[in-house]
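Here's the structure, in structure tokens; my notes come after.
All of the numbers you see were taken from the coordinates with simple rules; none came from a lab. For clarity, every value in this text was computed on a predicted model and none was experimentally measured. In this analysis, Cβ positions are derived from the backbone assuming ideal geometry, glycine residues included, and neighbour counts consider all displayed protein chains.
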Amino acid sequence: MENKNLHEYQGENIVDFDVGEIIDEYLDEESRPKTVGAYYPSEIGMCMRRSYYSYLYPKPTDRSALRIFALGNNVHAFLAEALKSSSEFSLVEDEKPVKIVYNDASTSFTIYGRIDDYVVTKSTGKKIIIEAKSVGEISKINEPDPKHVMQIMLYLSAEQADYGMLVYADKKNLAIRQFRVDYDDIVYTKIMTRFKDLDYHLKNSKLPPAEYYFDAKKVWECKYCPYFSECMQAIANND
Ligand code: SF4
């Protein structure tokens, strides 16, 4: 069957449905539009201009990216099952919802998140927030990604916990690297300032700076950005 595409294969072996299409339809149903004023911890470390575009000019997520996210979710589900089966913990809660409401004289918004796993150790009673991330190549993970630190820091601010743990799992072989994250008020304040900044730009229809394009360490991510052409046009117009 080598070098034959699915269509040819179907020609020789008549089938009634295409599993790939079923997966894509299912993943399309899972995608949801975003509302200004409702923000997400997983986004705040990303390029603010990209987040801005995703609220005001949403585009469907690329199907291959949706399939990769789905694989990552499987890794998370497996990790949650493993934690629940362990005798180390007196409590394991997965997908624990978190809601942070922010109000000041000029604005209000809500941050919605989900803690991957919240565990309490049996021996010490320590409460630990676990955020799992699936990666393509674990050997490249030598330190936690600042985006992920921001995400878990918000959870640490919202839930009583002794510390957080970022767990990276290799999608190929489930090799693991884990990093402890302690609550830091300065980092938390910076994150909330970013949310306020995003909120301000969205509510006033002001395009935020092209953060990644002007950051030598992050500009490589621009080539995967769905808003690349809009952003480059805006830069050309000095926006
Ligand atoms: S192209 Fe780069 S700078 Fe522009 S919105 Fe996308 S990630 Fe941000």
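Here are the numbers for this structure:
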quantity	calculated
Kyte-Doolittle mean at least -0.5 and Cα axial length at least 30 Å: DSSP H helices in the chain	63-85
Choice from Ser51, Ser139, Ser42 with maximal GNM fluctuation in the chain (Cα, 10 Å cutoff)	Ser139
Interchain or long-range residues, amide H under 5 Å from Arg114's placed H	Val98
Ellipticity estimate at 222 nm from DSSP helix runs (n ≥ 4, -39,500 (n - 2.57)) divided over the chain, nearest 500	-12000 deg cm²/dmol
Debye, to nearest 20: dipole size of the chain, +1 on Lys, Arg Cβ, -1 on Asp, Glu Cβ	860 debye
Mean projection area, nm², convex hull over Cα of segment 63-157	8.6 nm²
Residue with peak Gaussian network fluctuation, the chain [Cα springs, cutoff 10 Å], from Val92, Val15, Val181	Val15
Max mean-square fluctuation residue, GNM over the chain, Cα-Cα springs under 10 Å, options Gln160, Gln178, Gln151	Gln160
Backbone N within segment 90-105 under 18 Å of label point (7 Å from Asp145 Cα along the Cβ vector)	none
Principal semi-axes in Å for the chain [√(5λ), Cα gyration tensor, largest first]	31, 29, 17
Largest-first principal axis extents, alpha carbons of segment 94-216, Å	48, 36, 24
For segment 180-239 and segment 109-155, distance of Cα centres in Å	22 Å
Cα lying deepest toward the dipole's positive end in segment 34-234, options Leu91, Ser229, Leu71, charges on Cβ	Ser229
